[in-house]
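The values are calculated or read from the model by the stated rules, or taken from the named source; none is laboratory data. Since the model is a prediction, treat every value here as computed from it, not as a measurement. Glycine also receives a Cβ, built like all others from the backbone with ideal geometry; neighbour counts cover every protein chain displayed. We work out accessible area using only protein heavy atoms, side chains counted, and drop any ligands, DNA or RNA first. Shrake-Rupley method; radii C 1.70, N 1.55, O 1.52, S 1.80 Å.
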Amino acid sequence: MSYDIKLEGIITNGKHGVYESEKLEQQLFLIDLVITLANDTVKDDSIESTIDYEQYVEKVEYIVSSSTFDLIETLAKYLYENLISPKMEKLTVTVHKPNTSLNKKTKDISVTYSG
């Protein structure tokens, strides 16, 4: 048994991409987290026995806005490495980059990294 916590569509901005122009101006990124907690993690009705959702949203916002990567694959892995916790059985991070040069041909481009 486990708990699945979903934080979907965390709205943030950053400078990630292979083109120089993508490093100059902030772009929209949407981040999804799926966090699986082991059943024995939540022992009582207190926030200390789980994760604080607000802290995770703030961490995502900070990481995306304060780092720069060419690839969203690298950003997804970096988010994973900085968000994983001993309370988690599994973490899945999806980085959406909706406003790319392909947005006339695609609805969204995303990369998912999990472990």
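Restricting the stretch 50-85 to residues that are among the β-branched types (Val, Ile, Thr) and not in a helix (DSSP H, G or I), the residue that is least open to solvent (accessible area, probe 1.4 Å) is 51.
Any residue at all in the stretch 55-76 that is in contact (Cβ under 8 Å) with a residue 60 or more places away in the chain and on the phi < 0 side of the Ramachandran plot? Scanning the stretch 55-76 turns up at least one residue that is in contact (Cβ under 8 Å) with a residue 60 or more places away in the chain and on the phi < 0 side of the Ramachandran plot. When the stretch 89-115 is filtered for residues that are of a type outside the set (S, T, N, Q), in contact (Cβ under 8 Å) with a residue 12 or more places away in the chain and open to solvent by 20 Å² or more (accessible area, probe 1.4 Å), the ones remaining, listed by number, are 89, 90, 96, 98, 108, 109, 111, 113, 115.
Among the residues of the stretch 27-47, some residue qualifies, meaning at least one is open to solvent by 60 Å² or more (accessible area, probe 1.4 Å), out of contact with any Ser or Thr (no Cβ under 8 Å at 6 or more places or on another chain) and in a helix (DSSP H, G or I). Which of the residues spanning the stretch 18-64 are of a type in the set (S, T, N, Q) and touching a Phe, Trp or Tyr at 6+ places or on another chain (Cβ under 9 Å)? Answer for the stretch 18-64, where residues must be of a type in the set (S, T, N, Q) and touching a Phe, Trp or Tyr at 6+ places or on another chain (Cβ under 9 Å): 36, 39, 41, 50.
The conditions of being outside any loop (DSSP other than H, G, I, E, B), in contact (Cβ under 8 Å) with a residue 12 or more places away in the chain and surrounded by fewer than 17 Cβ atoms within 10 Å (Cβ to Cβ) are not met by residue 21.
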